[in-house]
Amino acid sequence: MSKRIAFIGGGNMASAIIGGLIGQGFTPSHIEVVEPFAEARDKLKSTYHIVAQAQPGPELAQADIVIWAVKPQTFKEAAAQVRPHTPNALHLSVAAGIRSDSIAGWLGSERVVRAMPNTPALIGKGISALFARPAVTAHDKEWITKVLAPTGELLWLAAEDQLDAVTALSGSGPAYMFYFMEAMTAAGAEMGLPREQAYQLAVATFIGAGELARRSGEPPEILRQRVTSKGGTTYAAISSMEHDDIKAQFVRAMHAAGQRAKELGDEFGGA
């Protein structure tokens, strides 16, 4: 890829994408980063030999693609500073909640793609769902695919409002997995295992179960039933969770995440 790419925000998600690009042979000198925090700029320099700028400047005019890796509450202000320098760029946002109507209005461009990645992108095992506005061409989508491919799987959506559900499911999803790992580790320790071994068992179980689900192609209900013999140990655990209505509570929690994604767009979007 011979394009020039600018990142507005140089935190973890930007670093994941940058690392993937450089890993596939992209030239660091073709990457511009605007990052207000000195610590993050220093990390980019030491890790990728990229000298990030504290403020947007005329060098952004060279960018073919601008990737927005900023917090929702700072997007509008950052866009006002960047807009004069990027009239012809393709814009990719990984900011939660901020709708493409707002982004297009702030930047004066209809070439906007929204993506919702997740943190396993840091090791190339993430999944990102994407939505493109009508002005985004098939060629533009190819660029975006090449940029994000090193972070993991990609899924293009037909409707933008589906991104709120994606945010609740896979965007926030790694935290749910870590939450259950915490609980499994604590329970293992309470039952007499060394904490380190309990954690090792929990992590390996999640990895193995996820890979089994991916390879089998069968619904999770069937996979669960195969390891849940009536009257057995798994049955005892599942029965306890059903008694406590864990599944319904988990579904409600995901709805709360989706609602918060919508609220972010309402709160920090607009003209």
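The values are calculated or read from the model by the stated rules, or taken from the named source; none is laboratory data. All values reported here derive from a predicted model rather than from experimental measurement. Using ideal geometry, Cβ is built from the backbone for each residue, glycine included, and neighbour counts are taken over all protein chains shown.
Quick rundown of the values:
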| item | result |
| --- | --- |
| Top-ranked residue of the range 204-228 - restricted to ones that are of a type in the set (Val, Ile, Thr) and not in a helix (DSSP H, G or I), ranked as nearest to the chain's Cα centre (by Cα) | Val227 |
| Residue list for the range 131-144, restricted to those being under 19 Å from Ser15 (Cα atoms) and modelled with pLDDT of 95 or more | Ile144 |
| In the range 95-113, residue nearest to Val147 (Cα to Cα) [restricted to those that are in contact with a Gly (Cβ under 7 Å, 6 or more places away or on another chain) and not in a helix (DSSP H, G or I)] | Ala96 |
| Qualifying residue in the range 26-49 (condition: assigned to a loop (DSSP other than H, G, I, E, B) and aliphatic (A, V, I, L, M)) | no |
| Among the residues listed as Thr234, Thr151, the single one being among the β-branched types (Val, Ile, Thr) and assigned by TED's automatic domain parsing to the domain that holds Thr119 | Thr151 |
| Test set (1) more than 30 Å from Ala61 (Cβ to Cβ); (2) crowded, with 21+ Cβ neighbours inside 10 Å; (3) of a type in the set (A, V, I, L, M) - Ala159 fails condition number | (2) |
| Residue list for the range 172-200, filter: surrounded by 14 or more Cβ atoms within 10 Å (Cβ to Cβ), among the aliphatic types (A, V, I, L, M) and without any contact (Cβ under 8 Å) to a residue 24 or more places away in the chain | Met184, Ala186, Ala189, Leu193, Ala198 |
